[in-house]
Amino acid sequence: MRKIKTIKRLLKKLESEEFQPRSEHQRISLEPTLKSWKVIYAAFWIVTVPALSSVSIFPIIDGSARHHRLPFWAWYPYDTTTSPNYEITYFYQVVGIWFLAICNINMDTLMAALMMYTVTQCDILCDNLRNIKSGDRGKQIIECVLHHKKILSFAQSSNKVFNEMVLGQFFTTSASLALGMFEFTLVQPLSSEGIWVTMYLSSMTVQIFLYCWFGNLVEDRSSFNNSAVSVTMNKFDWKSTIRTNLLMLRLTGLWPESDDGYKLDLYTFYAICAKLLADGNNIFQTAYIFEIYTDLQALASTFFVLCTYWLASVKVCFFVRKIKIIKSLMKELDCEDFQPRSEHQKIFLEPTLNSWRAIYAVFWTMVAPALLFLVFFPVIDGSARQYRLPFWAWYPYDTTTSPNYEISYFHQVFSIWFLAICNLNMDTLMAALMMYTVTQCDILCDNLRNIKGGDRGEKIIECVEHHKKILRYVPLKSGNFQI
């Protein structure tokens, strides 16, 4: 409600002349993006309505309404077991939960809609750039520049409106998913409670997927990575190969938006909190050594795991310390000398780029099942009923009571996934930089093979300069990753 004026202003901006499609072709090309939002909106309602309906009428289904049970446990300053107090309170709870659910669904989908509109504007701008024709080229370019400025203003205003809400939503949804999955282990899967928990988890999953999907679309379109525009701009987007890698680093707080590294902003605060939470788990597991130091076998296994975690944490610190240089390495790839000169060069680079993608996928294929097994092991073997945690650790409170057990369980799960995602993506980023060095050598070799005609001297000089840049790039990369 505090931001409603800004949101209204953003929606009004969409009616401006620059934001309108210029042709029937543009209207048709925008349809898939608009339909994707409609599909996700419908999917959100499909998973939410059954969940809300089941929880609203659950006391009626299981017969507990005869004993004046309400849909949700709550204290009231009057007796709810008498009529009409029971009926009024029941209706009040149902209205309350439906009101909050409808508000949240439509606020979330409105945020997604604004991201979708940013995507459509990028598509319109790309099409306008592709169709710049002779005659009034200057006027058309100026119009595109003004349109681009308006898109940037629209996107920045959208971010300012929703950044705090999205951060809170991610935290709340992640916690709800963790607690909901734990609750699922305590009920029969095919019981009415089990079905309700399943629908609830589906709703939460769609909710968090909403931001990721449309945020990724904005990231993709804002880079002007369409093939036709790439030809117009004569730029090869090296980052497109490792886009998922960079997105994962971004989610873990290791890839600030600025090329100058971390600043005093919300993202830096988010990165610090995530790192402290992960290190907190390491500290609690380290403290557990003092309880088992007489048991050599338990000590050895715990010490092995701890060494892995602490080394991973230290590795994150080194990565953060070198983030400016890593950003500069990525930026250097966009320079003119590092661009492929022909469609032929782009084609023969594909096997090298695809090899990195394959290794990245294989890495995830091996790591994700191992992590999932560790995380759900107490649930699989039934020891969760005895309040066993995924990892042995000492805590300054009793973890065998609720909600201490659930909080500690979620903390351990978050920490192991955080460190694993950080390390996997730091390792594959190092591999990507080596892969880029290989592609530059391939481009240089192809340029040398194709030196022809009367400007041989100029082409040789260009190849020498390219070679020098590759030589500077390699020691700079190696010197920052050798630790």
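Nothing in this text is a laboratory measurement; each read-out follows from the coordinates by a stated rule. Since we're looking at a predicted model, the values are computed, not measured. Backbone-built Cβ (ideal geometry, glycine too); neighbour counts: all protein chains shown.
Taking θ as phi - 60° and the Karplus parameters 6.51, -1.76 and 1.60, the scalar couplings of segment 23-39 work out to 8, 5, 4, 5, 4, 5, 5, 7, 4, x, 5, 5, 5, 4, 5, 4, 5 Hz in sequence order, x denoting glycine and proline. Distance between the pseudo-spin-label points of residue 318 and residue 292 (7 Å out from Cα toward the beta carbon): 2.8 nm.
Annotation: amide H of residue 339 has no partner in the under-5 Å range at sequence separation 5 or more or interchain, hydrogens built in the peptide plane. By the equivalent-ellipsoid construction on the alpha carbon gyration tensor, segment 234-483 comes out with semi-axes of 46, 18, 16 Å, ordered largest to smallest. Taking segment 373-401 and a reference point 7 angstrom along Cα→Cβ of residue 283, the backbone N atoms nearer than 12 Å belong to 396. Between residue 392 and residue 93, the contour length at 0.36 nm per residue exceeds the alpha carbon distance by 103.6 nm. Here, segment 18-77 has an Rg and a Dmax of 22.1, 64 Å when only alpha carbons are counted.
Helix 192-222 axis versus longest C-alpha principal axis of the chain: approximately 20°, rounded to the nearest ten.
Across all directions, the average flat footprint of the convex hull enclosing the Cα atoms of the chain is 30.9 nm². Projecting label points 7 angstrom from Cα along Cα→Cβ for residue 153 and residue 184 puts them 4.6 nm apart.
With contributions of -39500 (n - 2.57) from each DSSP H run of at least four residues, the per-residue ellipticity at 222 nm computed over the chain stands at -26500 deg cm²/dmol. Over 31 Å between Cα atoms: which of 35/239; 35/275; 8/38 fall into that group? From the list (35/239; 35/275; 8/38), the Cα-Cα distance tops 31 Å for 35/275.
With both labels modelled 7 Å from their Cα along Cα-to-Cβ, the residue 404 to residue 11 distance reads 4.9 nm.
Compared with the dominant principal axis of the Cα atoms in the chain, helix 4-13 is inclined by about 40°. Sorting 292, 4 from the fewest to the most surrounding beta carbons within 10 angstrom yields 4, 292.
From the square roots a ≥ b ≥ c of the eigenvalues of the alpha-carbon gyration tensor of segment 282-356, which class results: rounded (a/c under 1.5), prolate (a/b over b/c), or oblate? In terms of gyration-tensor shape, oblate. Round to the nearest 0.05 the FRET efficiency obtained for residue 61 and residue 385 when R0 = 25 Å and r is the Cβ-Cβ distance. Efficiency, rounded to the nearest 0.05: 0.45.
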